[in-house]
Amino acid sequence: FMASTHSDLITIYMMNPDGSQAPLEVPVNINLSLMEVLRAGGYPIPGTCGGIALCATCAVDILSGNEKLSPAGDQELDMLDLLPQSTAATRLGCQIRLRPEMDGMIIRIISES
Ligand code: FES
């Protein structure tokens, strides 16, 4: 049995600072985190801690599709508490595993400034 490669891709949309949106096709079948696919896509996500919810350099705002994500765990919530720019829409990209139902999600990278 061979799964179709095409159906294993979803599109998420990156909100640019000027308000435009850039589509990014990402695979959902290889257990990658949102942090990992954004880095692979060339976005400025340091991911300094390697994805264990200790650096918050992977923080993103989920502008649409928040209801499709699993709730943040305790370690993630602790890190978000330390992040001045954090809002109710903010998540750590490394703690989000990409799943098919996230197709069409709109996100914005939180700047380091
Ligand atoms: Fe460090 Fe996500 S990569 S908290």
Item to check | Residue check for ILE62: within 10 Å of the ligand (Cβ to nearest atom) and among the β-branched types (Val, Ile, Thr) | outcome: no
Next on the checklist: When you scan the range 67-87, do you find a residue that is in contact with a Cys (Cβ under 8 Å, 6 or more places away or on another chain), part of a helix (DSSP H, G or I) and not aliphatic (A, V, I, L, M), even just one?
Outcome noted: no
Next on the checklist: Yes or no: the range 68-75 includes at least one residue that is touching a helix residue (DSSP H, G or I) at 6+ places or on another chain (Cβ under 9 Å), more than 11 Å from ARG108 (Cα to Cα) and within 11 Å of the ligand (Cβ to nearest atom).
Outcome noted: yes
Item to check | the range 76-96: number of residues that are surrounded by fewer than 16 Cβ atoms within 10 Å (Cβ to Cβ), closer than 13 Å to ARG108 by Cβ and either near the ligand (Cβ under 8 Å from one of its atoms) or hydrophobic (A, V, I, L, M, F, W, C) (or both) | outcome: 1
Item to check | Unique match (being under 14 Å from the mean Cα position of the chain (by Cα) and modelled with pLDDT of 95 or more) among MET14, MET79 | outcome: MET14
Checklist outcome for this item: Over the range 82-113, the set of residues out of contact with any Asp or Glu (no Cβ under 7 Å at 6 or more places or on another chain), farther than 14 Å from SER70 by Cβ and of a type in the set (A, V, I, L, M, F, W, C) is LEU82, LEU83, ALA88, ILE106, ILE109
Checklist outcome for this item: The condition from (1) under 16 Å from ILE62 (Cα atoms); (2) surrounded by 18 or more Cβ atoms within 10 Å (Cβ to Cβ) that ARG39 misses is numbered (1)
Next on the checklist: Looking at the range 20-35 only, could you name the residues that are more than 9 Å from the ligand (Cβ to nearest atom) and under 12 Å from the mean Cα position of the chain (by Cα)?
Outcome noted: LEU24, VAL26, LEU32, LEU34
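The values are calculated or read from the model by the stated rules, or taken from the named source; none is laboratory data. Note that this is a predicted model, so its numbers are computed, not measured. So basically every Cβ, Gly included, is an ideal-geometry build from the backbone, and we count neighbours across all protein chains shown.
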